[in-house]
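J.: This is the structure I have questions about; it appears just below.
Nothing in this text is a laboratory measurement; each read-out follows from the coordinates by a stated rule. On a predicted model such as this, the values are computed, not experimentally measured, just so you know. All Cβ positions, even for glycine, are placed from backbone atoms using ideal geometry, and neighbour counts span all protein chains on display.
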Amino acid sequence: MGILLHRFHRKSKTRFTQVVSRSPIITIEGRVHRRDVPYLLPKDIQETHRLDFQHFGLKLLLCGNYKAPLEPAKTHYILDVGSGTGRWMAEMAQEFPQAQIYGIDTDAPASHIQFSSQCHFNNNDILKGLPYHENTFHFVHQRLLVGGIPTSQWPFILHELVRVTRPGGWIELLETGNIYHHAGPATAQLRAWWDEGMTIHGFDLSSVPTINRLLTNHGLINVHMEKIQVPLGAWAGRAGELLGIDIFAVFKSLKGVYVNKLGIQPELFDEVVAHLPKEWECHHTTYEFYSTFGQKP
C-alpha cells in the first residue's frame, strides 16, 4: 500500500458544506443529518442502503435475528428500540406470527419494506423515555445505538428497557466497541479520529466490552455475554463482504464529523478511507461486536 501512519495528519483550516436554517435537517459534506438528536450518522437514502447491508451481514454472522432463549409460544409482545428501517421487525413478524411487534425511532421505517399488520411504529426520541407502560413486552431488542446514545444516558436507557419488560422477559443488546484486530495504518488512523470525534460528542466506546454489567447492575438475571469477531471483507465470505461494505460506509458517512469537528482536510480523509477495502483484504481485519442478553426477574 505504501502508506505510513505519520502521513495522516490534519490541517488547521477546513471546509464543510452546511445548509443554515432552523430546520432539524442539515447537510454536511453532501450527507443529510438530523441536528435535533445526538445521532452521529446520516439520515438519508444512502444510510438506508447501508442498514440493509448491515442487517443481512449480521443475520448471517449471528445465524439469526436474535440470541436470547425466547420461547415463541410465550413471546407475544416484542419491542425494537431504534428500529431504523424496520427490516428486523418485518422479519421477526414472520418468525413470530402470533406476536405484536413494536418499533420506536426518530424516523419513519423504510418505504421499500413490506410490513404486516403485526408491526406498529412510534416516531419518538428514546432519550426522552419509552412511551409504553411498564411490564409490557416479553422481548426488548436494541442494536447498534452506541453512536446515538451519549454515554451519560445509558443508565437511563437501561432503566427504561427494564421498566417496559415483563417479569420473565428478555432484554438483548448488540453493540460495537473500538477494537480492531489485524488493522493496517489506515484503519488505525481512522480509529484514532473516530475515538476523538466520539469523545467530543459525548460517546465513549471503551466501556462497550463490559456492557453486560449494565444489565446486571439493573437487576437482570441469567445475563449472557458474547464477544463476536466481525470480519471485514470478502476474504471471510458473504457475511464478511456485507459487513465490510457496512463499516466502510460508516467511515465514509462520518466525513462531516471528521472535517467539521476535528479539523481534518476533506482530501486527506478521502485518501485514508480509500485504502480500507484493500487493507482489510490484505490483513484479514476483524472488528469486535458485543452481544448480551438478560432476563427480568
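J.: Convex hull volume of the Cα atoms in region 214-297, per residue, in Å³?
T.: Numbers: hull volume 10.6 nm³, N = 84.
Enclosed volume per residue, from the Cα hull, is 127 Å³.
J.: Mean-square fluctuation check for the chain, GNM, Cα pairs under 10 Å: which of Leu242, Leu215, Leu70 is largest?
T.: Fluctuation is largest for Leu70.
J.: Quick one: 3J(HN,Hα) in Hz for region 117-133, Karplus 6.51/-1.76/1.60 with θ = phi - 60°, rounded, Gly and Pro as x.
T.: Listing the rounded values in order: 5, 6, 8, 10, 10, 9, 8, 8, 8, 5, 5, 9, x, 8, x, 10, 6 Hz.
J.: Using all Cα-Cα distances in region 254-297, what percent lands in each 5 angstrom bin from 0 up to the longest?
T.: All Cα pairs, binned at 5 Å, distribute as 5, 16, 16, 12, 15, 14, 7, 6, 5, 3, 1 percent.
J.: Under 5 Å between amide hydrogens, which residues at least 5 positions from Thr165 or on another chain qualify, with H placed 1.01 Å from N in the peptide plane?
T.: For Thr165, the qualifying residues are Asn135, Thr136, Phe137.
J.: Which cross-chain or sequence-distant (5 or more) residues have an amide H under 5 Å from the amide H of Phe203, H modelled 1.01 Å from N in plane?
T.: Thr151
J.: Convert each backbone phi in region 82-98 into a coupling constant with the Karplus relation 6.51 cos²θ - 1.76 cosθ + 1.60 (shift: θ = phi - 60°), then list the ³J(HN,Hα) values in order as whole Hz, x for Gly and Pro.
T.: Going residue by residue, I get x, 6, x, 5, x, 5, 4, 4, 4, 6, 5, 5, 6, 6, 10, x, 8 Hz, with x marking Gly and Pro.
J.: Go through 194-200, 140-146 and give me the packing order, highest mean Cβ count within 10 Å leading.
T.: Details: 194-200: 16.3, 140-146: 23.0.
Final packing ranking: 140-146, 194-200.
J.: Using the alpha carbons of region 5-295, what is the convex hull volume per residue in cubic angstrom, as a whole number?
T.: With only Cα atoms used, region 5-295 gives 125 Å³ per residue.
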